[in-house]
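Input: a single structure, listed below in structure tokens.
The values are calculated or read from the model by the stated rules, or taken from the named source; none is laboratory data. The structure displayed is predicted, hence computed values, not measured ones. Counting neighbours? That spans all protein chains shown, and the Cβs are built from the backbone with ideal geometry, glycine included.
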């Protein structure tokens, strides 16, 4: 009789423990594991040579979550406008952004470009050992800088850079993440004046020494 009387209390306690565990899993543990990454993009215009701008694209990733994350397929796309191009809106399928059809991928038959050192999705022929090895991690509070050096024509006036990658969320789930920025290309003549001034200053310092 006593067991019958205390059994409901055990059931209530068990239900409370299960409910608390589910709430922790749903609203705390899972949210901690969701990617919380800050992405910043920068372009450094190194200089002009033979009518081409040499540029360095930098994408900074910072993991602001409390767990380590895996990411793959870190793609970089560089579009540009030339001075003679019209400024128009893009198609409705991508919400009418600035139309910039010219890209550095045109000169390599539209092949996608990726940051070095970040693995891409494995082909079906890769074995499990290869799949396990091809992973890139970013630890909590860690910051990575990925750089890509390329060139654009000297006639370019604006550069539109997009960086995107896939976060692995476990259980065969992925989250696509991307960021983009537009940069004004410095005028080549102004760049030459700055460089000449720097060379003159360096020469003066050498003479003084």
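Brief remarks follow.
- Flag if residue 169 is at pLDDT below 90, surrounded by fewer than 17 Cβ atoms within 10 Å (Cβ to Cβ) and part of a loop (DSSP other than H, G, I, E, B): no
- Yes/no for residue 127 being within 21 Å of residue 163 (Cβ to Cβ), surrounded by fewer than 11 Cβ atoms within 10 Å (Cβ to Cβ) and either modelled with pLDDT under 90 or more than 21 Å from the chain's Cα centre (by Cα) (or both): no
- Which listed residue is surrounded by 13 or more Cβ atoms within 10 Å (Cβ to Cβ), modelled with pLDDT under 85 and over 15 Å from residue 162 (Cβ atoms), from 141, 120, 133: 120
- One residue alone among 77, 58, 70 is in contact with a helix residue (DSSP H, G or I) (Cβ under 9 Å, 6 or more places away or on another chain) and touching a residue at least 40 places away in the same chain (Cβ under 8 Å), and that residue is 77.
- Taken over segment 95-108, the criterion of being in a loop (DSSP other than H, G, I, E, B) and at pLDDT 85 or above is satisfied by 96, 97, 99, 100, 101, 102.
- Residue 111 vs. criteria in a loop (DSSP other than H, G, I, E, B) and modelled with pLDDT of 90 or more: yes
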